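The values are calculated or read from the model by the stated rules, or taken from the named source; none is laboratory data. Only a predicted model underlies this, so the values are computations on that prediction, with no experimental measurement involved. Cβ atoms come from the backbone with ideal geometry, glycine included; neighbour counts cover every protein chain shown.
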Amino acid sequence: MSQSTHRPTSEPPPASVSATARRGVKIVTPIPGPKARQIVEADTRLLMTSTKTSPVAAESASGVWITDVDGNRLLDFTSGVGVVNTGHCHPDVVRAIQEQAAKLMHFAGTDFYYRNQTELADRLTKLTPGDFDKKVFFTNSGTESAEAALKLARWNKQRPLTIGLLGAFHGRSMGSLTMTTSKPAQRARFLAYAGGGQHIPAPNCFRCPYKLEYPSCDLYCAKILKELYFETSMPPTDVAAMIAEPVMGEGGYIVPPKGWHQEIKRILDEHDILFIDDEVQAGFGRTGKWFAIEHHGIVPDMVTTAKAIGSGLPIGAVIFRKSLDYTYQGAHSNTFGGNLVAVAGALATLDVMEREHLLENSRVQGEHLKKRLTELQGKYEEIGDVRGLGLMVATEFVKGRADKTPHVKLKDRIIEEAYRRGLLLLPCGKSSIRYIPPLIITRDQVDEGVDILDASIAAARQAG
Ligand SMILES: Cc1ncc(COP(=O)(O)O)c(C=O)c1O
C-alpha cells in the first residue's frame, strides 16, 4: 500500500521512451502495454478505489526484477512496499512455503499448538532489543499489529490516551487509524477521533515545526511533550502509551535527530507510560539493523512488525515484555495469526537474511545509494533533501531550496517517467520519493536504478 496522491494514467507513453533498453531492464512495449491496459481497466471497474501508484501489472518476479504481463522487465525499487527484503520469490523461501503447504496449512495457532510458531517466536524475541523476557502475538498485517499493541497497552494501563506523531502511519483499521495522521485523506470522513488518540509534532529537522536548528534546539521537539502537553491537554496519568516509528515511513522517511528517542523515553518512563515501536516499515533489516530502533539506543516495551517478515506472505507480530501479557484467556486472539505457511516463509526469511548477510548489504548498498542520490542533489536543485538509513532512503522534491515549497507535481511526474523507463518507485510524504529495493540488490543494480532516475528527473523537469 502506498500513499500516492496521484492517480496513475494508463495512457501509452510517447514513442521516445517506449523503446528504452538498458542493462537488466528490458522494455518491449510502452508501459502499460496492451495486456496491462486491460487489467488496469478491469481493476478500475471492479476493485475498490485504494492507493494505486503506477499502471504496472506484474506477471512474475525474481530478485529485484518484475516481469509484467507484456514481457517488460522492470527494476523494483519498492520491494512491494517494503515487503520482499529477501528479493522476489527467493528459492529458499519458496521451497519452505511449498513444503509446509503440502504438510499442514491451517489449524488455528491461537486455539491449538504449532511447533513452528514457538520457533519463530523464540527467534523474534531474541532479535528484538531488550534483555528481558518477552512474548509474541502473531497477526496478519501491520494494522493488526498496531491494534494488538494498542489494546495490550490499554488493557494493562487502564488509561484512556495514546500519543502518536503528526505525520505518522500505523494502519487503516479503526484503532490504528486514530493514530495515523500522514495524510488528511486517510482520516477524512471516518470520524477517527474516538479511541483516545493524541498527537504531537514529529521531529523533522528538514522542516522543523518550531523553526529551530539541531543541535542548538536542545531537542525541544521531545521536551515539549513534558513542558507543554503534559501540562495542558494530556495529563500523563491518563496516557497508556506512545506509539512511534523509528523512521517515519509513509510520512516521508523522516529520521528523528540523535537523542530524540532517548529524551522521549526518559519522559515516558517518569510516568510509567509504555513505548510502542512501530517497525512495520523500518524493521527487519531495512535500515541495516534488525530493528531500526537500534539506531536510537532505546529499548521499547513493544515492537510491532509485519511487511518484510514473511517475504510476501501476510504475517505480522507484536513482540512485548512478558510482564504485559494478558492474565486470562479470551481478551485478545484471532484466526489466521501465525498461519503455518506464513510462519514457514518467515523462518526461511530469517535464514536467508542471516546466511546472505542482508543487514550488511543494506548498509553497504544504502551508503552507495545515498552517495549517488546526493550527487543528483548537486545536479538538480529540486532535490531539497536526501535522507534515510540503510536501504530506507528518500529524496524530497522542493520548488526552491530556500523556501522548500513541496514540489508535488514534479514528484508525481518523476515516478511516471521512471516506470516508463523500467524503474518502479513509490512516493512518501507530500513530495518525496522513497528508494527501498530488496536488500539483496547489487551495486550495479543500484547504479542502473539511479541512472534511470537521473533520466526521469531530467525528463520530468523538461515537461514542467
Ligand atoms: C509504519 C507502518 N505501520 C503500519 C502499517 C500498516 O501495515 P498494513 O498495511 O500491513 O496494515 C504500515 C503500512 O505501510 C506502516 O508503514
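Checked against the criterion of being within 13 Å of the ligand (Cβ to nearest atom) and either touching a strand residue (DSSP E or B) at 6+ places or on another chain (Cβ under 6 Å) or free of Cβ contacts under 8 Å to residues at least 12 places away in the same chain (or both), region 320-336 has no qualifying residue. With respect to the conditions (1) of a type outside the set (A, V, I, L, M); (2) away from the ligand (no atom under 12 Å from the Cβ); (3) surrounded by fewer than 21 Cβ atoms within 10 Å (Cβ to Cβ), HIS261 falls short on a single one, namely (3). Flag: ARG401 matches the condition of being more than 17 Å from the chain's Cα centre (by Cα), charged (D, E, K, R), modelled with pLDDT under 95 and surrounded by fewer than 24 Cβ atoms within 10 Å (Cβ to Cβ). Taken over region 365-384, the residue count meeting the criterion of being in a helix (DSSP H, G or I) and without any contact (Cβ under 8 Å) to a residue 24 or more places away in the chain is 7.
Selection of first residues in region 253-274 that are on the phi > 0 side of the Ramachandran plot and of second residues that are of a type in the set (Gly, Ala, Ser) and assigned to a strand (DSSP E or B), restricted to Cβ pairs under 9 Å at least 6 apart or on distinct chains, gives the following pairs, ordered by first then second residue: TYR253/GLY388; TYR253/ALA394; TYR253/SER432.
The set of residues in region 233-277 being within 12 Å of the chain's Cα centre (by Cα) and either at pLDDT below 95 or farther than 13 Å from ILE163 by Cα (or both) consists of PRO246, VAL247, MET248, GLY249, GLU250, GLY251, GLY252, TYR253, ILE254. In summary, helices (runs of 4 or more DSSP H) completely within region 56-175 and bearing 1 or more residues that are within 16 Å of the ligand (Cβ to nearest atom) and more than 29 Å from SER333 (Cα to Cα) occur at 79-82.
Of the residues screened, THR78 is one that is among the polar types (S, T, N, Q), within 24 Å of the chain's Cα centre (by Cα) and buried (at least 19 other Cβ atoms within 10 Å of the Cβ). Note on region 385-423: residues that are within 21 Å of GLU245 (Cβ to Cβ) and assigned to a strand (DSSP E or B) amount to 11.
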